[in-house]
Amino acid sequence: MKHVIELIDISLTNKAGVKIIDGLNFSLQSGKTALLCGPPSIKKSSLVELLIGSYAPDSGVVLLFEKKLNAKKEREVARIRRKIGGAGGIFSLISYQSLYDNINYPLILKSESASSRKKKVLRILADYGLLGKKGEKPGGLSRGEKILALLARATIADQPLLLIDEPMAGLDSDMASKVTDILKGLSIAGHSMLILTTDGSALRLPDAREYVFENGHLK
Amino acid sequence: MRKLFYLIYRFLIHLYKRPLPAIASLLSMLLLFLMFDLVWISSLSVDKYYDQVLAEVDMEIFLEDNLSDSMLTLITDGLKDLKGIESFEFISKDDARARLHALMGMDLLEGLDENPLPKSILITFDRHFITSRYLNNAEVSLRKFKGVSEIFYPRFWLEKAESNRLLVSRSVFVIGIVIFLAAVLNLLYSVRLSVKTYDEELRQHRLLGAGKTFLSIPFIFEGIFYSLAAFVVGGLIIFYVVNNFTIRNFEVVLPSRIDIISACLAALLVGTIGGYIGVRRSL
């Protein structure tokens, strides 16, 4: 089975000179889900930034879709990012755009026709129970609705890899179960997912492998 | 094509969402281009004026009274060999007196026993040869002929006119460069301001996989729009003014069609450079 993510002996130091990832090895097979757990203080999102080429590791190799990612190559990074759907953390909704426009953007990057975009956006909004909010700005949405909207944007262009940061944070039990159901559905549909979370037990996903991120290593 | 439509739509959204900054950018560019248009038209008009005046410059060779016909033939043959002479006319002593009479409206020499006016040859030069350097060289070679007593042409006036024209063209060049730089900087900062407004959107779109070029294009369109629109509006204002105001004895010259097209392309270049630098330095 193909690997969508392979991190080989990755080390990363932040701007303050603190080593936040140290000799990390990790892989995620296509269609599988991995839960990366750890407290918020350990900067799990640096891993996301590494995977989307925001910066290059101090040492080690990042392989995405079995190709080495070179963070310095602008076009290559953009091309890889179009295959990744992000939700939460650094991925947020644009505050002054409507929900419709927010979700529409990945399809624009895929050069889809206006009619096809409209059909897909309306369908996903309906699937996620957000159709009535399509004209709303993110400021008018609840935390749960924002997560759903982000998941809709992350999957609308059939992105093969999803990077989801703290999907359950601040959700009430109803919304938490709705988000869990959607994530289960995505997992069953064969999406490869890397989910960063503080508490892995809150998410009960079938076949999800749980890792604990601690002191720059995975356990 | 779909992406192009989207980029044009984004550019229109930029203008629609920030109408006041857009108008401010447009007005400041308009002022710059109006200034340039005025300098440009002034320079063309001054140039035309000098051209008209210079076309009237001629040279007169005064001949000795005792000049024989054979010597006169030698001089006229010499004139035929000289480049740039459009025509020349021999003026006898009597012709000179008649011309003076016509000029003054009365015969000033009446009562004199002898006509003191010299014989002369009046030379008209082709316009392109009327330069102080060429006429000076022509004077030097004509002075070599025997029987030439004096040569007159408005040398000092011509030199002054030439230096004035040079000054005007250099001023236009310097002002043009200053306006070009001011326009580029103006656009650069207008576009940077626009980029700052859309900072959040640009950051998210980059995370979603939009390339720098794709994100830059609406802002470059913005720069091009400010520049071209200001140039066209400025041109129309100047055209209206020139066509509705007349100044006596002075023709206001408008640029030729090719010059206008070149200037349009220059405005396009200004917009592209300003927009490109503005957005690329901010992304």
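The values are calculated or read from the model by the stated rules, or taken from the named source; none is laboratory data. It should be emphasised that the depicted structure is a prediction, and the values quoted were computed from it without experimental measurement. Every residue, glycine among them, receives a Cβ derived from its backbone with ideal geometry; neighbour counts consider all protein chains shown.
Tabulated results
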read-out: Answer residue from the stretch B:235-255, given it is closer than 14 Å to B:TYR49 by Cβ and aliphatic (A, V, I, L, M) and is surrounded by the most Cβ atoms within 10 Å (Cβ to Cβ) among those; value: B:VAL253
read-out: Any helices (runs of 4 or more DSSP H) falling wholly within the stretch A:95-160 and containing at least 2 residues that are under 21 Å from A:ILE188 (Cβ atoms) and either facing another protein chain (nearest Cβ under 10 Å) or at pLDDT 90 or above (or both); value: A:114-127, A:143-155
read-out: Whichever residue in the stretch A:55-92 is within 8 Å of another protein chain (Cβ to nearest Cβ) and not in a helix (DSSP H, G or I) and, among such residues, is modelled with the lowest pLDDT; value: A:ILE90
read-out: Contacts under 9 angstrom Cβ, first residue in the stretch B:1-22 being within 13 Å of another protein chain (Cβ to nearest Cβ) and under 14 Å from B:SER190 (Cα atoms), partner among the aromatic types (Phe, Trp, Tyr) and assigned to a helix (DSSP H, G or I), 6 or more apart; value: B:HIS14/B:PHE219; B:HIS14/B:PHE221
read-out: Sole exception among (1) in a helix (DSSP H, G or I); (2) touching a strand residue (DSSP E or B) at 6+ places or on another chain (Cβ under 9 Å) for B:ARG133, by number; value: (2)
read-out: Residue that is surrounded by the most Cβ atoms within 10 Å (Cβ to Cβ) [pool: residues in the stretch B:136-166 that are within 17 Å of B:LEU72 (Cα to Cα) and of a type in the set (Ser, Thr, Tyr)]; value: B:SER149
read-out: Residue that is surrounded by the most Cβ atoms within 10 Å (Cβ to Cβ), among those in the stretch A:163-204 that are in contact (Cβ under 8 Å) with a residue 24 or more places away in the chain and among the basic types (Lys, Arg); value: A:LYS178
read-out: Condition met for B:ARG203 (more than 26 Å from B:ILE23 (Cβ to Cβ), outside any loop (DSSP other than H, G, I, E, B), without any contact (Cβ under 8 Å) to a residue 60 or more places away in the chain and not aromatic (Phe, Trp, Tyr)); value: yes
read-out: Identity of the residue in the stretch B:144-179, part of a helix (DSSP H, G or I) and among the small types (Gly, Ala, Ser), that ends up nearest to B:PHE125 (Cα to Cα); value: B:ALA161
read-out: Single condition A:ALA56 does not satisfy, out of (1) under 25 Å from A:GLU166 (Cα atoms); (2) touching a residue at least 24 places away in the same chain (Cβ under 8 Å); value: (2)
read-out: Within the stretch B:256-283, tally of residues that are at pLDDT 90 or above and crowded, with 16+ Cβ neighbours inside 10 Å; value: 13
read-out: Members of the stretch A:89-108 found to be among the small types (Gly, Ala, Ser) and farther than 19 Å from A:GLU136 by Cβ, listed by number; value: A:GLY89
read-out: Which numbered condition B:TYR189 misses (of (1) more than 14 Å from chain A (Cβ to nearest Cβ); (2) of a type outside the set (S, T, N, Q); (3) crowded, with 17+ Cβ neighbours inside 10 Å); value: (3)
